Amino acid sequence: MMSNRLFKIIAINIIFIWLAVLALLPFIMVVVASFLQQGDENLFNWHLTVINYTQLINPIFLHIFWRSLVVSVITTILCLALGYPFAYILAQLSEKLRLACLFLIIIPFWTSSLIRSYAIITILKTQGLLNQLLLTLHLIHQPLHILYTQYASQVGLVYSLLPFMVLPLYATLEKFDWRLVDAARDLGANRLRAFWQIVVPISAPGIIAGVMLVLLPAMTLFYIPEILGGAKSILLGNLIKNQFLEGQNWPLGSSISIVLTFFMALLIGVYWKFNKNKKQVLI
Amino acid sequence: MRYKSLIILLMLIGMAYSQNNVINIYNWSAYTPKSVIKLFTKQTGIHVNYTTYASNEELYEKLKADPSIGYDIIVPSSYFVQRMAKEGMLEKLDLKQLPNLKNINPLLLNKPYDPGNQYSIPYLWGTTSIIVNNKYYDPKTITTWNDLWQQRFYNQLLLNDDMRDVFSIGLAALGYSINTSDPEQIKQAYLKLRQLMPNVKLFSSDGAIPIMLDEDATIGVVYSGDAEQMTKGNKKLRYVYTKSGIIIWIDCMSIPKNAPHLANAYKFINFIMQPKIAKMISMQLGYSSPNITAVHGMPNRIQNNMIMYPPQNILAHGQTEGYLGKATQALYLHYWELLKISG
């Protein structure tokens, strides 16, 4: 018994120390850094200031923030449009097929997403697989120039984030009681109405979880627009990187990350609130 | 008893790591061939720890965040030598301990970024200029930086995703110094570069070579080392020097302040400046060697290679990137961000 208790204490303490040292402490350092001044010779001057936040109220930052938001909203909508039918069909397959399909979704995670982005290059490039296929089929006569455009980075983002939409949707739809749809049909609802009024509302938690998991990372996955989009625009991730490396302005880079963290926390807060209300309605 | 053996084991590991005869090299990835490192260990008995970085900024930030991190040799580019020297991050070199300096090309020594080479010794160098695919354009029609603005290059141009490199093109096209700190000139360069954006197909951050080889871009501004590999892989590619002045880059060996193995660092720099070793490095990596004795020992096809060893009259008109100071750097970054969001 004694050793069991000891084990518990040790295990909890290790996790606690781990989180404190590697998650909480760095975060506090970033918060502190965001209130310091940029130094000339050193990284920081120990003068408290809010200038790093007031500096953010400028057209460049707002433009970049807005553009990142637009890109990630488009990514989320596309992921939902592709992921929902996918999860819907998946949930109705036989158990064997279902497991096989889930396995296929998870396999790509065994390879780094950076490497998979390079794989997309070989598909989309001027002499790549897609163009060769279309040319051989005589569907086009000139190669398409897709790589290094916004479309290419959109393709990369949707591809990378789609599993994060599919998995939570599948988790809610798998538990869905399909007899509810039969009941709705018996009571005179057509297929579409049964879907909109029964399936969608009940799977809403899955939709929201999927949207959160796609929307937030899409704002900061800077390497995909860099590799596939030709680095012709700046997203929030690049902006933070630039301030730390090119500008050597760690305080400003820190304040941008804090604003982003705050924005994400806000979205999660809204989600929690929504979830809570939802439960009350059901009860 | 169990603990005792554990402690002994830990002590042994500690001893293995604290052995004195080592040198800690912090360098660009794949910038010193393994054969050269092995030879150094064989000749001197000094064990080499080779760690890598991907950008000058990374090197700078790491040394700044922890000045006693323990590197003995670093290889910053010219403009970072100037900056780090100015901020007291580099050891002043005792040139008397470096007799092999006599092998280095005088045209690459005593440059404005490090007068008298007090802090740095050239390691490898090269130029930045235009590569063009002659299947699509006649290379003879491209003679100045301004030619890049022609409409026929719409959505075809590859540039490096590097703020200073891109601004150098704008500034050189306007006839200004690439190291200007005049806000008006920097602004004009930004406005000039904005007009170039329709021609820009991509800013490449991870290797321009396959992009030019497979003709995803048909014209580009690239480093000479990359150009050398490109012209070998695709016979239609030509490297062109502009008449309006070329851009020279020099990567340098320096010793950071607080280097724990100073004597070994001097041994290493001297070792690299041996003509035989400099030749090995340059021939294996495809970048130009500053070691003139080494170059004279290379095959004729390399000595006469215009990409790697441009003629003296062109070399004499080169500009080298220097450090600008924090405020000017921030101004460049401001216009760089504006340029990117205009695209």
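The values are calculated or read from the model by the stated rules, or taken from the named source; none is laboratory data. Remember, predicted model here, so these are calculated numbers, not experimental data. Heads up, the Cβs are rebuilt from the backbone with ideal geometry, glycines too, and the neighbour counts pull from every protein chain shown. Surface areas here come from the heavy atoms of the whole protein model, side chains and all, with no ligands, DNA or RNA. Shrake-Rupley method; radii C 1.70, N 1.55, O 1.52, S 1.80 Å.
Are any of the residues in segment B:247-264 closer than 29 Å to B:I37 by Cβ and without any contact (Cβ under 8 Å) to a residue 24 or more places away in the chain? There is at least one residue in segment B:247-264 that is closer than 29 Å to B:I37 by Cβ and without any contact (Cβ under 8 Å) to a residue 24 or more places away in the chain. The residue that is modelled with the lowest pLDDT, among those in segment B:290-327 that are open to solvent by less than 20 Å² (accessible area, probe 1.4 Å) and within 14 Å of chain A (Cβ to nearest Cβ), is B:G325. Within the bounds of segment B:54-64, is there any residue that is open to solvent by 10 Å² or more (accessible area, probe 1.4 Å), at pLDDT 90 or above and not in a helix (DSSP H, G or I)? No, segment B:54-64 contains no residue that is open to solvent by 10 Å² or more (accessible area, probe 1.4 Å), at pLDDT 90 or above and not in a helix (DSSP H, G or I). Taken over segment B:101-112, the criterion of being part of a helix (DSSP H, G or I) and either open to solvent by less than 30 Å² (accessible area, probe 1.4 Å) or on the phi > 0 side of the Ramachandran plot (or both) is satisfied by B:N103, B:L108. Does segment A:99-117 contain at least one residue that is hydroxyl-bearing (S, T, Y), open to solvent by 70 Å² or more (accessible area, probe 1.4 Å) and within 19 Å of A:V158 (Cα to Cα)? Scanning segment A:99-117, I find no residue that is hydroxyl-bearing (S, T, Y), open to solvent by 70 Å² or more (accessible area, probe 1.4 Å) and within 19 Å of A:V158 (Cα to Cα), so the answer is no. Flag set for B:I37, criterion: at pLDDT 90 or above, assigned to a helix (DSSP H, G or I) and either open to solvent by 50 Å² or more (accessible area, probe 1.4 Å) or away from chain A (no Cβ under 14 Å) (or both).
Of the helices (runs of 4 or more DSSP H) lying entirely inside segment A:42-133, those carrying at least 1 residues that are of a type outside the set (K, R) and within 19 Å of A:A231 (Cβ to Cβ) are A:59-92, A:113-124. Taking the criterion of being surrounded by 11 or more Cβ atoms within 10 Å (Cβ to Cβ), in a loop (DSSP other than H, G, I, E, B) and free of Cβ contacts under 8 Å to residues at least 40 places away in the same chain, the only residue of segment A:1-39 that qualifies is A:G39.
With B:N155, B:N179 as the choices, which residue is at pLDDT below 95, over 19 Å from B:M308 (Cβ atoms) and more than 14 Å from chain A (Cβ to nearest Cβ)? Only one candidate passes the filter, namely B:N179. Filter segment A:118-146 down to residues that are in contact (Cβ under 8 Å) with a residue 24 or more places away in the chain and surrounded by 15 or more Cβ atoms within 10 Å (Cβ to Cβ) and give me whichever is farthest from the other protein chains (Cβ to nearest Cβ). The residue in question is A:I120. If you check A:I224 against the conditions, is it away from chain B (no Cβ under 11 Å) and either within 14 Å of the chain's Cα centre (by Cα) or open to solvent by 30 Å² or more (accessible area, probe 1.4 Å) (or both)? For A:I224, the condition - away from chain B (no Cβ under 11 Å) and either within 14 Å of the chain's Cα centre (by Cα) or open to solvent by 30 Å² or more (accessible area, probe 1.4 Å) (or both) - is met.
Here A:E246 meets the list (1) free of Cβ contacts under 8 Å to residues at least 60 places away in the same chain; (2) over 26 Å from A:S72 (Cα atoms); (3) among the acidic types (D, E) almost entirely, failing just condition (2). Look at (1) under 23 Å from A:V214 (Cα atoms); (2) more than 14 Å from every other protein chain (Cβ to nearest Cβ); (3) in contact (Cβ under 8 Å) with a residue 24 or more places away in the chain; (4) of a type outside the set (D, E) and you find that A:T149 fails only one, number (2).
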